[in-house]
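Below is one structure, written out as structure tokens, with a few remarks after it.
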Amino acid sequence: METLKVSTNSVPKSVAGAIAAILRNRQPVEVIAIGAGAVNQTTKSIAIARGFVAPNGIDLICIPSFAQLDVDGQEKTSIRFLVEQR
């Protein structure tokens, strides 16, 4: 499974393009975000990606969950978005 990491500075349209490209290959994608700004950019990206893949007959779904990540020796809580086809 492909993993994308999104930050506050990520451009939603670019992330959406990456998500759409992975989904068109019939593979799920995991999108990781740490912090409110990153979660906001991720949410916008997923919404945009849904519009990108809909003309191809792909019905995108998103399953959010919490995940623990090790960042520079510190454990951080992140939001994990599993994006896949229905």
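The values are calculated or read from the model by the stated rules, or taken from the named source; none is laboratory data. These numbers come from a predicted model, not from an experiment. Glycine also receives a Cβ, built like all others from the backbone with ideal geometry; neighbour counts cover every protein chain displayed. Surface accessibility is based on the protein's heavy atoms, side chains included, excluding ligands, DNA and RNA. Shrake-Rupley method; radii C 1.70, N 1.55, O 1.52, S 1.80 Å.
Listed residues 43, 3; which is closer than 22 Å to residue 76 by Cα, in a strand (DSSP E or B) and polar (S, T, N, Q)? Spell out the reasoning first.
Working: 43 fails: in a strand (DSSP E or B).
The match here is 3.
Any residue that is more than 18 Å from residue 8 (Cα to Cα), out of contact with any Pro (no Cβ under 8 Å at 6 or more places or on another chain), in contact (Cβ under 8 Å) with a residue 12 or more places away in the chain and open to solvent by less than 40 Å² (accessible area, probe 1.4 Å) - is there at least one of those in segment 35-44?
Keep residues of segment 35-44 that are more than 18 Å from residue 8 (Cα to Cα), which gives none.
No; the residues of segment 35-44 include none that is more than 18 Å from residue 8 (Cα to Cα), out of contact with any Pro (no Cβ under 8 Å at 6 or more places or on another chain), in contact (Cβ under 8 Å) with a residue 12 or more places away in the chain and open to solvent by less than 40 Å² (accessible area, probe 1.4 Å).
Residues to consider are 78, 7; find the one that is touching a residue at least 40 places away in the same chain (Cβ under 8 Å) and either surrounded by fewer than 17 Cβ atoms within 10 Å (Cβ to Cβ) or over 10 Å from the mean Cα position of the chain (by Cα) (or both).
Values: 7 fails: touching a residue at least 40 places away in the same chain (Cβ under 8 Å).
Unique residue meeting the criteria: 78.
Taken over segment 46-63, the criterion of being touching a helix residue (DSSP H, G or I) at 6+ places or on another chain (Cβ under 9 Å) and either open to solvent by 50 Å² or more (accessible area, probe 1.4 Å) or not in a strand (DSSP E or B) (or both) is satisfied by 46, 47, 48, 49, 50, 51, 52, 53, 56, 58, 59, 62.
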